[in-house]
Amino acid sequence: MPSYPYVLLSAAVSLDGYLDDTTPERLLLSSPADFDRVDEVRASVDAILIGAGTIRADNPRLLVNSAERRAARVAAGKPEYPLKVTVSASGELDPTANFWHTGGEKLVCTTDKGAERLRRTPVAADVVALGAELDWRDLLRHLHEVRGVDRLMVEGGGTIHTQLLQQGLADELQLVLAPLFVGDPDAPRLFGPGGYQEGRLRLLETRRIEDVVLMRYQPTAPGTGTLPSAADRHWLALACELAAQCPPSRTAFSVGAVVVAADGTELARGHSREGDDPVVHAEEAALAKLAPGDPRLASATVYTSLEPCTHRASRPVPCARLILEAGVRRVVTAWREPDTFVAGADGSGLLAAAGVDVLVLPEYETQAKAPNAHLLP
C-alpha cells in the first residue's frame with residue numbers, strides 16, 4: 001500500500017471566498033503577524049508545493065524568511081530551505097521566475113510531454129515525468145518514497161486545493177479569513193465545483209491573528225474502496241491509540257478499533273479487554289455498541305490496529321465473522337496478525353474473499369505493535 005506525506009493545505013481568502021482580485025497587483029489578504037505564522041509553518045515542513053498558475057500569477061519566491069528558523073532547520077540536520085515543488089502538465093514555465101532563483105532545491109512534477117518541453121526550454125530545477133497524465137497519488141508517492149518528504153505544505157492555487165480535497169488526500173486545511181470583500185465574479189476562488197467527500201470537517205483550532213482569523217480543519221470522511229484517504233490515516237492512528245489503553249495480557253493482543261460512517265461520523269469505538277470483560281476483542285466491543293442492522297454499517301469503515309481475528313478460543317465467533325455479519329464492507333488495519341497465538345491467521349484474506357475492501361497501512365504497524373512488544377520475538 002503506498003505511503004504519502006502529511007498534506008497541509010494553506011490559503012487566505014476574503015469574506016466572500018476569493019483568493020485574489022483581478023488587478024495586476026497581488027491582493028494581500030493576510031496580516032503581518034499571519035505572514036510570520038506562515039513562515040513558521042514553512043520552516044516546519046519538508047516541501048512546499050504550488051501550481052504553475054501561481055508562479056505565473058504571483059511570481060513568488062516561496063522562502064523561509066526568518067534567519068533564526070533557517071538556522072534551526074540546519075541545526076536539526078535539514079536543508080536550510082524546504083524543497084520547492086511545482087506541478088505543470090504542460091511544462092510551460094518561465095525560466096526567469098523568482099521560484100527558480102531563490103531558496104534551495106526545486107522540483108517540477110510534470111507529464112512525459114511536459115518533460116519533453118522542459119528539455120527544450122529548461123528551468124533551474126529537477127524534472128520528474130509521472131506519465132502521460134498527472135496523478136496526485138503518484139506525485140505524492142514520489143515525494144514521500146523518492147524525495148523523503150514527510151510533511152508537505154500546499155500553498156495553491158485553488159485548483160490544486162480543490163483536487164486534493166476532492167480526492168481525499170488533504171490531511172489538514174489551514175484557512176485564514178480576511179475582513180474584506182472582493183465581489184468580482186472573475187476573480188479566483190479557493191474551491192471550485194465538483195464532488196467532495198461527505199460530511200463535516202473537524203475543527204481543530206481557531207485563532208485570532210491581528211484582524212484575520214485562522215481556522216484549522218481536518219477531513220473526517222473515510223476513503224472508498226481500496227484507495228486510502230487522509231482521513232483513513234487519522235482514524236487508524238486513533239485505533240492504535242486505543243490499543244495502548246488495553247489492560248496488558250500475556251495471552252492476547254492489545255487492539256483498538258473504531259467504526260466510522262461514510263460521512264465521517266464516529267459510530268463506536270472499543271479496545272481489547274474493555275470494561276469488565278477480560279476476553280472481549282476490540283472490534284467485538286465496538287460493534288456491540290451499535291444496534292444490529294444499523295443502516296449506517298453497510299457503508300461504514302472499521303479501523304483496527306490488528307487485522308480482525310479468524311480463530312479464537314474465548315468466543316464462538318471471531319471478529320472477521322462479526323464484521324461480515326454486521327454488513328461492513330470496508331476495513332482498514334495497520335498490522336497483519338503474527339503466528340503468536342494462531343498459525344496462519346489471515347483475517348484480511350477471509351474478509352477480502354467475502355467481498356470486503358481491506359486496506360493495510362503499514363506505516364502504522366510500529367504504533368500498533370508497541371503495546372504488544374512483550375508478546376513479540
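Laboratory data are not the source of any read-out in this text; all were calculated from the coordinates shown. As the structure is a prediction and not an experimental result, all values here were calculated from the model. Cβ: placed from backbone, ideal geometry, glycine included. Neighbour counts: every protein chain shown.
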The chain, relative contact order in percent, only Cα pairs under 8 angstrom and at least six apart counted
15 percent
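Would you tally the net charge around Asp184, using a Cβ to Cβ cut-off of less than 10 Å, leaving Asp184 out, and scoring K and R as +1, D and E as -1?
On the way: positive: none; negative: Asp16, Asp20, Asp21, Asp186.
Overall, the nearby charge balance is -4.
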Can you list the lysines whose alpha carbon sits under 24 Å from that of Lys106, skipping same-chain ones fewer than 8 residues off?
Lys78, Lys84
Could you give me the percent of Cα pairs per 5 Å distance bin for region 236-377, shortest bin first, beginning at zero and ending with the bin that holds the maximum distance?
2, 11, 22, 27, 22, 11, 4, 1, 0
Evaluate 2.2 N^0.38 Å with N set to the residue count of the chain, then give the Cα radius of gyration divided by it.
1.11
Tell me, what ³J(HN,Hα) does each residue in region 24-34 have, in order and in whole Hz, if you take phi through Karplus 6.51 cos²θ - 1.76 cosθ + 1.60 with θ = phi - 60° and put x for Gly and Pro?
x, 7, 5, 7, 8, 8, 7, 8, x, 5, 6
Can you pull the percent of Cα pairs in region 18-69 with separation above 17 Å?
46 percent
Give me the net charge for the shell around Gly225: Cβ to Cβ below 12 angstrom, other residues only, Lys and Arg +1, Asp and Glu -1.
0
Scoring only Lys, Arg, Asp and Glu (+1, +1, -1, -1) among other residues with Cβ under 14 Å from the Cβ of Pro122 yields 0
What three numbers, in Å, describe the spread of the alpha carbons of region 281-329 along their principal axes, ordered from the longest?
30, 19, 15
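Write out the GluC sites (Glu not before Pro) in region 22-109 meeting two conditions: DSSP loop, and at most 12 other Cβ atoms within 10 Å of their Cβ.
On the way: sites: Glu25, Glu40, Glu68, Glu80, Glu92, Glu105; in loops: Glu25, Glu80, Glu92, Glu105.
The qualifying sites are Glu25.
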Are there trypsin sites (Lys or Arg not before Pro) in region 116-203 that DSSP puts in a loop and that have at most 12 other Cβ atoms within 10 Å, and which ones?
Arg200
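Could you put Ser272, Ser31, Ser90 in order, starting from the residue whose Cβ has the fewest other Cβ atoms within 10 Å?
Ordered by Cβ neighbours within 10 Å, fewest first: Ser90, Ser31, Ser272.
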Shape parameters for region 6-218, alpha-carbon atoms, Rg then Dmax in Å:
16.9, 48
